[in-house]
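This report refers to the structure that appears directly beneath it.
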Amino acid sequence: MERVARSAGRWVLGAALFVVSSVSWGGLQISEYAAKAGFLLKFTQYVEWPSEAFSSSDAAFQIGVFGSDPFGQRLEDTFQGHRVKGRPVVIRRVKNGADLTDLQILYVPAAQAGYASDIARQTKGRPILVVGESPNFCKSVGVINFFLDGTYIRFEISSPLARQGNLVISTKLLNVARIIQ
Amino acid sequence: MMSLALIAVGAVVLAQGQEQAGPKNVANMSLEELMTLEVVTATKSPRSMWSTASATFVLTSDDIARAGVRSLPDALRLIPGVTVAQTSASQWMVGMRGFTSRYANKLLVMVDGASIYTPFFSGVDWDIQTLGIRDIDRIEVIRGPGGALWGANAVDGIINIITKKPDPEAGNEIVGGASSYVAGSGAAIVQGALGANAAYRLSVSGRDQRGFPTDAVDHAADSWKGWQASGRLDWGTPETGSFGINYRGASSDFGMPSRLPTLEAPYYEEAGGHFANRHHTLIGKWDKQNANGSTTHFQLYGFHTDRKQLTFHEERTTVEANVEMGNLAFGSHNFALGLGARTSRDTIAGSDNVMLDPESDRKSILNFFIQDEYASAKDTKWIVGLKLERNDDTGWEYQPSLRWIRTPRREATYWASVSRAVRTPSRAELGSTINLGVTEMGGFPVLQQIHGSPDFQSSTVVAYEAGLRSELTPTSWLDAVVYYNDYRGLRSFEQGEPMLVPDLNPYFLVPITFANKMDVRTYGLEVAFFSQPSATSRLRAGMSWNNAEFRWDADSADGMEHDVDDRPGNSPRLSGFLWTGFDLGKYLKLDGIFRHYGGASKQSPYSTVDVNLSWQSGSNLSVTIGAQNLFLPRHSEGFTDLFEVTSQVPRTFYGFLTWRF
């Protein structure tokens, strides 16, 4: 009987822990791709595209994710209700070989880094903000590259590639980035 | 490593579970706010958990830290579907799906992809494997057969312990602590970069564990001292691929109180002593991602073990080479294939009660696997795999599997599989003499003596599994698996006719021969639940239930019970845990774990609570205190059949300091 009572007591304690755990305190953690989606939205505010980047004055602002998409629904959720440069936003998944020229942002997930040289060939000198998350990405492929500093997301910006693409990057963004000359 | 590419990983669920700021909040944040967000990385595993057709789980180093766990087997307690029982200060039983025993022999356990079980009894000596807990990056577990990809012995499941890569950003670390049963423990980790493309990590750790209590004494003679050193160098670029060399050396000295059979009344004698173990492992690997997305992995490893204990002294040297290629895409087919070879040489010097025949042996294995993942529709995949393995004792063994997975929407996945896996005979099963025990009959001693048999064959399982993973609410997830395992030719103990041995003091000898005359069917349910009720709290629960049915061949003379050896009667039918964690403000983390271990035939059920509190000051110093088995002064967790005298697991209060620089 005593054992039953003790065992029951422990279940009660377990249940109490369960209940207590629903109480909340402050602090903020986030998944990597929710944060990266947030950064992409900021990039649209701190980068200026030349007018030739758009096929017409009322064309949508197009974001492409290359190959398998690590964002899930998060890009759509983040950009929902936002216009970029006064334009509606279209988010597309693009495959290898697809036409990339009408994109304003192309995101290249780490798993797709093997296609880097193909992508560089197609986007070189065009006003496309190519964003990656792989080592050495900024050396020859894209303008912006995410990396992790412990548990914080950081990014590097390639000035030469931005210039080649005619993209103007605000000092506010340059101030928090690692600059690759 | 293929395992990384092919198993899927609960880390994603956890990471999703930890997502506290939604996309909406993110959209309204300033750049500065975004820069200060702490992210939970889900991308370590190349595939999300939603896309694997097997029962998988990953425990991360963050989980291990939160729980305050200080030994590897204690970490395994936090994985749904894994049952762990500690039988003395240095010995554990670890198993899955109803086979939990000191001599559990159907589990494949690996460190960084290199298997660590000993072919002596196809099990793991956990005392030598409790690596520095700080060196563990994550523990990946697959329940159920993995024979189609991994080698023989991946029958009930696979545990792969992945150690940390050098991380120059993370800096160095010194840890020191003690507990009511550990006189002192410590670790030091130094890591850094060597130029632009290389990094190193050096670590040493050690502990001085006191003996555990029994009904008779506060500290049995099972105290345990050990240390470990490891060094790792990683280098490479995307062009050359990444190279790594990893050395680990461990040494421990453990006490093993035992009872050995004798032919004089009371027919056993107390024995014991402290025994030294040495273990060295060297792993070299090369990984490359090719331009077309395919991967190449090459690994060479060797280890040397020198393990003494009361009844034998095992020296073993193993060398293994593997080459694997993955993600070879052809239309909607995606292939992986690999080739491996292993040779293991040993000398096992016996004693009066354990003798090996032959004393020295060398066994080699050659294997080949191929797997095709075929996307038959946008949301449906079929995964067909086959592993062929040749060993010196039973020749060619085949291990096929067929898996199906459907992900109709992002939040839900269904999968099912049929697979066959093989357990090859151990050294002890093929040739050994073991004195099991002595009883009395008509005034004469009766010695029960086990004999290995060169005719011993492989055991097989055909496993049928089905699973479901689903988002229940935006902040809670469920993972459920049912299985039916059909084991054939498991180890039976065939009792022979008693013989009178006309010694000076005559006695009866009952020979018992290992054979494959037992079939077991097990079925069960495994459930894992994750929830993130708020930004700073989390809840995790795991539960497993199983049942077993036995059947012996008509000519079997097995006289053993359902609860001896590695038989399911030795395992709890029901076990589970409930783990809650919360962040109290910015610096404090509090975790409470309630664990329940259902009864096995000799083991009464118990429930217990562990509590851990850690405080992190800025980035340098952290303080952790906690209690294990807070409400249980001491309790038994399991028993062994052979020689070893078990002790009880005590309530333990612990504390440690971590300094990072």
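Screening B:Ser647, B:Ser614, B:Ser607, B:Ser622 for residues that are over 27 Å from B:Gly186 (Cβ atoms), of a type in the set (Gly, Ala, Ser) and either surrounded by 15 or more Cβ atoms within 10 Å (Cβ to Cβ) or in contact with a Lys or Arg (Cβ under 6 Å, 6 or more places away or on another chain) (or both) leaves exactly one candidate, B:Ser607. Take the conditions touching a strand residue (DSSP E or B) at 6+ places or on another chain (Cβ under 9 Å) and either free of Cβ contacts under 8 Å to residues at least 40 places away in the same chain or farther than 22 Å from B:Ser90 by Cβ (or both) and apply them to B:Leu632. Does it pass? Criteria met by B:Leu632. Please verify whether the stretch A:137-152 includes one or more residues that are at the interface with chain B (Cβ under 10 Å from one of its Cβ atoms) and more than 22 Å from B:Asn197 (Cβ to Cβ). The answer is yes; a qualifying residue exists.
Select, from B:Ser544, B:Ser556, B:Ser575, B:Ser571, the only residue that is among the hydroxyl-bearing types (Ser, Thr, Tyr) and surrounded by fewer than 21 Cβ atoms within 10 Å (Cβ to Cβ).
After applying the criteria, what remains is B:Ser556.
Listed by first and then second residue, the pairs with beta-carbon distance under 7 Å, at least 6 apart or on different chains, first residue in the stretch B:113-132 and in a strand (DSSP E or B), second among the basic types (Lys, Arg), are B:Thr118/B:Arg316. Can you pull out the residues in the stretch B:558-587 that are more than 26 Å from B:Gln648 (Cα to Cα), more than 9 Å from chain A (Cβ to nearest Cβ) and without any contact (Cβ under 8 Å) to a residue 60 or more places away in the chain? Correct list: B:Tyr587 only.
Just one of the listed residues (B:Asn277, B:Asn322, B:Asn334, B:Asn292) is part of a strand (DSSP E or B), more than 25 Å from the chain's Cα centre (by Cα) and of a type in the set (S, T, N, Q), namely B:Asn334.
One line per residue, one yes/no per condition, for (1) within 21 Å of B:Phe298 (Cα to Cα); (2) free of Cβ contacts under 8 Å to residues at least 40 places away in the same chain:
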| site | (1), (2) |
| --- | --- |
| B:Ser180 | no, no |
| B:Ala183 | no, yes |
| B:Gly186 | no, yes |
| B:Gly192 | no, yes |
| B:Ala199 | yes, yes |
| B:Asp215 | no, no |
| B:His219 | no, yes |
| B:Trp224 | no, no |
| B:Ser242 | yes, no |
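Assessment of the stretch B:244-260 against the conditions (modelled with pLDDT under 90 and either outside any loop (DSSP other than H, G, I, E, B) or not aromatic (Phe, Trp, Tyr) (or both)) yields no matching residue.
Can we say A:Gly14 is closer than 26 Å to B:Asp583 by Cβ, within 9 Å of chain B (Cβ to nearest Cβ) and at pLDDT below 85? Even if it seems obvious, please write down each step before you answer.
Values: closer than 26 Å to B:Asp583 by Cβ: yes; within 9 Å of chain B (Cβ to nearest Cβ): yes; at pLDDT below 85: yes.
Answer is yes for this residue.
Residues in the stretch B:138-163 that are modelled with pLDDT of 90 or more and of a type in the set (Lys, Arg): B:Arg143 alone. Screening B:Gly302 against (1) among the small types (Gly, Ala, Ser); (2) assigned to a strand (DSSP E or B); (3) at pLDDT below 90 leaves a single unmet condition, (3). Only helices (runs of 4 or more DSSP H) whose full extent lies in the stretch A:20-123 are considered here, and the ones with at least 1 residues that are within 14 Å of the chain's Cα centre (by Cα), at pLDDT 90 or above and within 9 Å of another protein chain (Cβ to nearest Cβ) are A:32-46, A:74-79. Among the conditions (1) modelled with pLDDT under 85; (2) in contact with a strand residue (DSSP E or B) (Cβ under 6 Å, 6 or more places away or on another chain), the only one that B:Trp545 does not satisfy is (1).
To keep it simple, each residue is scored yes or no on (1) small (Gly, Ala, Ser); (2) free of Cβ contacts under 8 Å to residues at least 40 places away in the same chain; (3) more than 14 Å from chain A (Cβ to nearest Cβ); (4) buried (at least 21 other Cβ atoms within 10 Å of the Cβ).
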{"position": "B:Ser453", "(1), (2), (3), (4)": "yes, no, yes, no"}
{"position": "B:Arg469", "(1), (2), (3), (4)": "no, no, yes, yes"}
{"position": "B:Tyr484", "(1), (2), (3), (4)": "no, yes, yes, no"}
{"position": "B:Tyr523", "(1), (2), (3), (4)": "no, no, yes, no"}
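Exactly one residue out of A:Ser134, A:Ser140, A:Ser158 is of a type in the set (Gly, Ala, Ser) and loosely packed, with under 14 Cβ neighbours inside 10 Å, and it is A:Ser140.
All of B:Ala528, B:Ala554 fail the test of being away from chain A (no Cβ under 13 Å), in contact with an Asp or Glu (Cβ under 6 Å, 6 or more places away or on another chain) and either under 19 Å from B:Thr83 (Cα atoms) or not acidic (Asp, Glu) (or both), apart from B:Ala528. The residues of the stretch B:73-107 that are of a type in the set (A, V, I, L, M), assigned to a loop (DSSP other than H, G, I, E, B) and farther than 19 Å from B:Pro650 by Cα, listed by number, are B:Ile79, B:Ala104.
The combined condition, being within 14 Å of another protein chain (Cβ to nearest Cβ) and closer than 30 Å to A:Val108 by Cβ, is not fulfilled by B:Gly244.
Quick one: in the stretch B:289-332, which of the residues that are at positive phi and not polar (S, T, N, Q) is farthest from the other protein chains (Cβ to nearest Cβ)? Among those that are at positive phi and not polar (S, T, N, Q), it is B:Gly331. Which condition does B:Ala188 not pass, out of (1) modelled with pLDDT of 95 or more; (2) over 20 Å from B:Arg70 (Cα atoms), if it passes all the others? Of everything listed in (1) modelled with pLDDT of 95 or more; (2) over 20 Å from B:Arg70 (Cα atoms), B:Ala188 misses just condition (2). If only residues of the stretch B:150-169 that are within 14 Å of chain A (Cβ to nearest Cβ), in contact (Cβ under 8 Å) with a residue 24 or more places away in the chain and farther than 15 Å from B:Gly132 by Cα are counted, the one that is surrounded by the most Cβ atoms within 10 Å (Cβ to Cβ) is B:Asp167. Of the listed requirements (1) out of contact with any helix residue (DSSP H, G or I) (no Cβ under 8 Å at 6 or more places or on another chain); (2) part of a strand (DSSP E or B), B:Ala428 misses just one: (2).
The values are calculated or read from the model by the stated rules, or taken from the named source; none is laboratory data. Note that the structure is predicted; figures quoted are calculated from it, not measured. So basically every Cβ, Gly included, is an ideal-geometry build from the backbone, and we count neighbours across all protein chains shown.
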